[in-house]
1. Just for region 15-31: of the residues that are small (G, A, S) and either assigned to a helix (DSSP H, G or I) or under 14 Å from Y233 (Cα atoms) (or both), which one is nearest to the chain's Cα centre (by Cα)?
2. Taking the condition of being of a type in the set (S, T, Y), within 23 Å of R68 (Cβ to Cβ) and surrounded by 22 or more Cβ atoms within 10 Å (Cβ to Cβ), how many residues in region 158-183 meet it?
3. If you take the residues of region 146-157 that are modelled with pLDDT under 80 and part of a helix (DSSP H, G or I), which of them is surrounded by the most Cβ atoms within 10 Å (Cβ to Cβ)?
4. Condition (residue is among the small types (G, A, S) and either at pLDDT below 75 or within 19 Å of the chain's Cα centre (by Cα) (or both)) applied to region 110-121: is it met by at least one residue?
5. Mind listing whichever residues of region 172-188 are farther than 10 Å from L49 by Cβ and among the hydrophobic types (A, V, I, L, M, F, W, C)?
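The values are calculated or read from the model by the stated rules, or taken from the named source; none is laboratory data. Because the structure is predicted, anything quoted here is derived from the model rather than measured. Methodologically, a virtual Cβ is constructed for each residue, glycine included, from the backbone with ideal geometry; neighbour enumeration extends over all protein chains shown.
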Amino acid sequence: MCNTVLGALCLSSAATIWGALYVVSKYVLDFIPPLTLVWLRYSIAFVFLYIILKIVQRKTDTPTKFDRGDWLLLAWIGFVGYFLSISCQFIGTKLSDAHTGALITSATPAFTVIFARFVLQETLTVRKFLSLIIATFGVAIIIGWNSNLGYNIWGYVFLVAAAITWALLSVYVKLASYKFSTLTITTYAILFAVIFTTPFMIWELQTSRLIFNNYLVYWGVLYIGIVATAFAYLLWNKGMELMDAGIGSLFFFFQPVMGSFLGWLWLDEHLDLNFFIGGVLILLGVLLVTVPQKRNKALTVKDR
């Protein structure tokens, strides 16, 4: 019970932070090319997390030991999730728009449920399937759809790739959590992401340029690196550690909810009836696979 509540808080908090990410990244991408922004994001996040990791290890006197398979798993997480997924997200957002990015990447939980079935052998129950459908419908109502979304087919391709690879990340983070702490997984996976991104960042800067001409760009980069990466990734990975990957992924749906809410709060954007209807559906979808399931377990123990 406590683990599920804590996991839900971690996942919903991460989604809240990411709710503003599409807007912030869309602004910053007008000044910094996408792969360079990914490199800056991870370099800042790694330094921040590595310092925290070493402080924790020194206080607890528990150095982490890795074998070859562990390094390969962390490298895979860093490549498929932090490098490939985020690069596709930034490129897709650059080629389309923040609204399209939020809509397409909301397909991530569906892919997570599928991958969790084959990688982690998690059961695809009727309850889980229905909750996915209900929450997805809620996202569709909130974001809406029109024929003018985006303006480049490659933007759609990269955003779909971002959704698929982030789903893979969530599953393999769950697998790695059986052996390592959330802080260890996040720190070293981000280190590999920095390594994978570096040659592409160098290549990109041959034809693009950085424009740091106002303080908003600096604050945007710091938000993306420290808050939306280091802190939010820790929260997300911790939440995935505490819950089934298929259930935990549903909290990804809170991202467009919070994005719309923050747009209303900060940018005076209008919230219509669709926001509240969609928000209720998303909440119902999440509750369907948490509250009833825990009650069933309690009854089973009592009957025994």
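1. Keep residues of region 15-31 that are small (G, A, S), which gives 15, 19-20, 25.
Next, only the ones that are either assigned to a helix (DSSP H, G or I) or under 14 Å from Y233 (Cα atoms) (or both) stay: 15, 19, 25.
Numbers: A15: 7, G19: 10, S25: 14 Å.
Ranking the qualifying residues of region 15-31, first place goes to A15.
2. Step one: filter region 158-183 for residues of a type in the set (S, T, Y), giving 165, 170, 172, 177-178, 181-182.
Keeping just the survivors that are within 23 Å of R68 (Cβ to Cβ) gives 172, 177-178, 181-182.
Among the residues that remain, those that are also surrounded by 22 or more Cβ atoms within 10 Å (Cβ to Cβ) are: 172.
Adding up the residues that qualify gives 1.
3. Narrowing region 146-157 to residues modelled with pLDDT under 80: 146-156.
This time we only want the ones that are part of a helix (DSSP H, G or I), so: 153-156.
Working: I153: 10, W154: 13, G155: 21, Y156: 18.
This residue is G155.
4. Residues of region 110-121 among the small types (G, A, S): 110, 116.
With either at pLDDT below 75 or within 19 Å of the chain's Cα centre (by Cα) (or both) added as a condition, the list becomes 110, 116.
Looking for residues that are among the small types (G, A, S) and either at pLDDT below 75 or within 19 Å of the chain's Cα centre (by Cα) (or both), one finds at least one in region 110-121, hence yes.
5. Within region 172-188, V173, L175, A176, F180, I185 qualify.
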